[in-house]
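Take a look at the structure set out below.
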C-alpha cells in the first residue's frame, strides 16, 4: 500500500511538471527588464514598517518578465526576498489571519504597470491611479494600466465607488466601461518563492501584440483593510483625492504599520523598475515624471539594458473597433491640482454619505469585505454626519 502511494505521488508530480512545461512552451517571451537591488527606499528617505513581517528587500523588485500566448499576456515579477504568505499573519481588524482578506497569496505590496502601447509622442496618460502621487514622463504616456494588488476585486470596487461619488450623473455602466477599458486588476495570480506571476487577457490590450511597447512600473506598500485604506474624512477633498486605493502612505518617524521617513514628506513609491538608483532618487525627490523602459521599433535610449523583444506576432485576433466610451483620463486626471483649498460646504454632503453607505453595502453583499470591516467603516461614515 505504501509503495502504491509513493508511485501515485510520483505520477502526480510528473503530471504537474509536464503541465507547467506545456504552459510555458506555448508562451513567447517579449522582454526581460532588470532593476538594481538594494534600492527599495523610494527617494532615499523611506524606512520599512517597524514590524517583524517587513524586512529590507521584501519590496525590492529585481526583474519583470513579459511573455504572451494565444490567450493573452503573462507578467512575472521577481523580488529580492521570498514573497511572504499572508497565512498566519494577524490582521489589524480583529485577530483574523490576513489570508482571510488577501486571498491571492501575498499582502505586502502593490505593483503598478503603465503600458504605452501606441508609442506616439504626446499620446496617452501621464497621471497614475489614486494613492500613488507620482506621474509618468510624457515620453512613456500610457494607454493601459495593470494594477497588481492583494485584493483586486475590492480595489476595483473602491475606484468605481469613488468615481460614482464624484460623478453622480454618470451611470454605473458608463463608469465601469471607462475604467475597464484602460485599467485592469489581475485576479489570475500565482506566487512561488520570490516571484509573482499574473495574467492579462489579450482583449484588454485592444489588438496590440506587445512587440513595440514601453512600460513604467513601480512598487508601493499595500494595505488590505478598508479602515486603513478608505479613510472617509469630512468632505474637504474630492472622493478621488482622498482615495488611497490600497497604498501605504508614509508617516514621519518609524511607524509600525506604514513606511516611515525623516525630513521632507516623500511619496509612497518604494521602487521604480529599470531606473538606476540615482535616477529613481532624483525623479521621486524632485517629483518629476517617472521614465520607463521601451523596446521594439519605437524604442528610445533607456538607461537600463533589456533583452530584445520577439518580433513575430502571434495569430491572436482581437477586435480593435473604436467605442464611444469616455476616456478614463477625463475622470481621473486632476483638473484642480491645488488640493489645499477645502471644498465648499453644501447639501451635496448628505448625498455623498448616502452614496458611500450604498457602496459599502454592495461591497459587503459581494463578499469583498467581511462583517467587521463593514461595521467599522459604516460607523466612520455615520460619524461624518
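For this structure, a couple of remarks:
- Stretched out straight at 0.36 nm per residue, the stretch from residue 27 to residue 70 would grow longer than its current Cα-Cα span by 14.7 nm.
- Gain on full stretching of the segment that runs from residue 276 to residue 203 - 0.36 nm per residue minus C-alpha separation: 23.0 nm
- Length available on full extension from residue 285 to residue 326: 0.36 nm per residue minus the Cα-Cα distance, which gives 11.4 nm.
- Spin-label model, residue 262/residue 100: points 7 Å from Cα along the beta carbon direction are separated by 3.9 nm.
- Between the beta carbons of residue 298 and residue 357, assuming R0 = 41 Å, the FRET efficiency works out to 0.30 to the nearest 0.05.
- Efficiency of FRET between residue 120 and residue 254 - r from beta-carbon atoms, R0 41 angstrom, step 0.05: 0.35
- Shape of region 161-290, Cα gyration tensor, a/c cut at 1.5: oblate
- Across region 149-192, the fraction of Cα-Cα pairs farther apart than 14 Å, rounded to a whole number, is 51%.
- Placing a pseudo-label 7 Å from each Cα along the Cα-to-Cβ vector at residue 53 and residue 191 gives an inter-label distance of 0.9 nm.
- Pair residue 238, residue 180: separation of 7 Å Cα→Cβ label points (nm): 2.4 nm
- Tensor-based shape of region 36-187 (alpha-carbon gyration tensor, a/c under 1.5 rounded, otherwise prolate or oblate): oblate
- Here the calculated FRET efficiency for residue 170 and residue 133, from their Cβ-Cβ distance with R0 = 30 Å, stands at 0.75, rounded to the nearest 0.05.
- Counting only Cα atoms, the size of region 119-234 along its three principal axes is 45, 41, 26 Å, in decreasing order.
No value in this document is a laboratory result; all are computed from the given coordinates. Small disclaimer: the values here were computed from a predicted structure and weren't measured. With ideal geometry, Cβ positions are generated from the backbone for all residues, glycine too; neighbour counts draw on all protein chains shown.
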